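Worksheet: the structure to be examined is printed underneath.
The values are calculated or read from the model by the stated rules, or taken from the named source; none is laboratory data. The structure presented is a predicted model; accordingly, all values stated were derived computationally and were not measured. Neighbour counts run over all protein chains shown; Cβ positions are idealised from the backbone, glycine included.
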Amino acid sequence: MNRHWRTLMGTLRRLAGTPLATLVTVSVIGIALSLPAGLYLLLSNLGQAGDTLETQPQISLFLKLDAGKEVQRQIEQQLKGNAAIKTFRFVARDHALKELTASNGLGDLTAGLPNNPLPDAYIITALENDAAQLDKLRSEISKWPGVESAELDSAWVKRLNAMLDLGRQLTFMLAVLLAFGLIAGMGNIIRLQILTRQEEIEVSKLIGATDRFIRLPFLYHGAFQGLLGGLAAWAIIAISTQILNVSVIRLGSLYGSAFRLEGLATGDAVVLLGFSAVLGWAGAYIAVSHFLRHFHLPRH
């Protein structure tokens, strides 16, 4: 335990002793990590925004032309008792015809019709925006007595879900590529540290130091630099979110929405810091292990 504590304190002193190099390394790691983390956060906010949009997908439930008041009452009772339905409103056939005439300029055409061809209808808003659940609900209510058909406007939901899925895949691919890049970069940094301390390593080997003993300070060094890089990434994301929220809130107010970008949740921030520390540790481990495999004591 004392050895780990001494190694930890020595690592912190070395980092503090080279502030410029540490700052540059931490900044590079922070910027690299903030790209996939920021994209992940953006997709999360877009998903939440999609759930709060007023233009939610709606199901148009058309009644049969001969459906009477009793049928309407039964359908309304079923709509009220369905847990998957958020809201619904009734659109009378006469009102629908007036709206159609006014919006499309078809007054002359509709005036010549002997009867109103439009049915009574209900406009239904579902509780969830999931495309599969919406289609299941549409199929269920279309089989009710007195219902002619049920039409679902879910194209935009499918497009949004498809774009979010694509964004998640791109985020994952970007995170993997940057992880390999950061491991390689951290390995090079640790390799330079090894070269500056090569004589110290040779002396340690001569007096019987094990590979584990030699590797330990470099692992601490890599993990701490990775952790500091994760903190830098978190700070970059937090500051960027606050700056963008000024414009996002202003834009949302124009549409009557109180939407704002949310920062990284506590769990996500912990994952980011842990991931960055592991990347730094992995880069250091690979670099030191490679050096020790090819290390030979000088002959005198």
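Per-structure values
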item	result
Residues that are without any contact (Cβ under 8 Å) to a residue 40 or more places away in the chain and among the hydroxyl-bearing types (Ser, Thr, Tyr), drawn from the range 4-29	18
Number of the exception - residue 32 against (1) at pLDDT below 85; (2) in the same structural domain as residue 248 (by TED's automatic domain parsing)	(1)
In the range 274-300, residue modelled with the highest pLDDT [restricted to those that are among the aliphatic types (A, V, I, L, M), in a helix (DSSP H, G or I) and surrounded by fewer than 19 Cβ atoms within 10 Å (Cβ to Cβ)]	278
Residues within the range 188-206 that are without any contact (Cβ under 8 Å) to a residue 12 or more places away in the chain and assigned to a helix (DSSP H, G or I), tallied	8
Meets criteria (at pLDDT below 80 and in contact with a His (Cβ under 9 Å, 6 or more places away or on another chain)) for residue 198	no
Residue tally, condition buried (at least 20 other Cβ atoms within 10 Å of the Cβ) and either modelled with pLDDT of 90 or more or under 22 Å from residue 198 (Cβ atoms) (or both), over the range 261-271	0
Residue count for the range 56-71, restricted to those that are free of Cβ contacts under 8 Å to residues at least 60 places away in the same chain and either part of a strand (DSSP E or B) or closer than 14 Å to residue 121 by Cα (or both)	3
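Here is a yes/no grid of residues against (1) under 30 Å from residue 69 (Cα atoms); (2) part of a helix (DSSP H, G or I):
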{"site": "138", "(1), (2)": "yes, yes"}
{"site": "163", "(1), (2)": "no, yes"}
{"site": "180", "(1), (2)": "no, yes"}
{"site": "186", "(1), (2)": "no, yes"}
{"site": "208", "(1), (2)": "no, no"}
{"site": "222", "(1), (2)": "no, yes"}
